[in-house]
Amino acid sequence: MRILIFVLALSGITLSLIGGEFIDTYLFSKSCIDETVNSVTANGSVFLKNSTILDSVVVNGALLSIESDLGSLQVNGEAKLEHSAIKGDALINGALKAEKCHFFGSLSIASEMTFLENATTIQILIRKTSHLNSGQILKLSGKTIIHGDIVFESGKGQVFVTDDVEIVGNVIGGCVVQK
């Protein structure tokens, strides 16, 4: 019983260590916290929080961006964006989950599954992936607004939308499914 209590106490201490410094040092190859820099380029995972990247972000790995302003964006891997703005074009070669984000340039994604919640963008291009056997899915929820077209290169796209989603343009190469 004493061993169990010790293990539980130790796990609580470990969880409390998972703060900014622990994440910065041990889980990500590169991080910017409360910084303004010209560009970020990394081979590995990148963590951005409350930062401004004036020019470009290029990541060959995973990206987690929270409350940050980015210039152009290129990710060859998974990207999770929260409360972030992308001023230039965004090119994602992997899964994308964006919550409360604004894409001011074009958004181009090569993935089987993409999530946008309470986001805005000019247009979306879902590029065909080489290993695609089934269709590609784009899930839009919250007050997401797509100001232009959504294009699926594969011709096998499905856009799942909730009531508050607005698509100003057309869906090309796919269909809209109301949730």
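The values are calculated or read from the model by the stated rules, or taken from the named source; none is laboratory data. This is a predicted model, so every value here is computed, not measured. Please note: Cβ atoms are built from the backbone with ideal geometry, for glycine as well, and neighbour counts cover all protein chains shown.
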Subset of the stretch 108-128, residues within 12 Å of Phe152 (Cα to Cα) and either free of Cβ contacts under 8 Å to residues at least 24 places away in the same chain or over 13 Å from the mean Cα position of the chain (by Cα) (or both), comes to Ser108, Ile109, Ala110, Glu112, Gln123, Ile124, Leu125, Ile126, Arg127, Lys128
Residue among Thr114, Thr52, Thr121, Thr41 that alone is touching a Phe, Trp or Tyr at 6+ places or on another chain (Cβ under 9 Å) and modelled with pLDDT of 95 or more:
Thr121
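Would you say Thr114 is part of a strand (DSSP E or B) and hydroxyl-bearing (Ser, Thr, Tyr)?
On the way: part of a strand (DSSP E or B): yes; hydroxyl-bearing (Ser, Thr, Tyr): yes.
Spelling it out, Thr114 is indeed part of a strand (DSSP E or B) and hydroxyl-bearing (Ser, Thr, Tyr).
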All positions within the stretch 143-176 that are under 16 Å from Ala110 (Cα atoms) and hydroxyl-bearing (Ser, Thr, Tyr)
Ser154
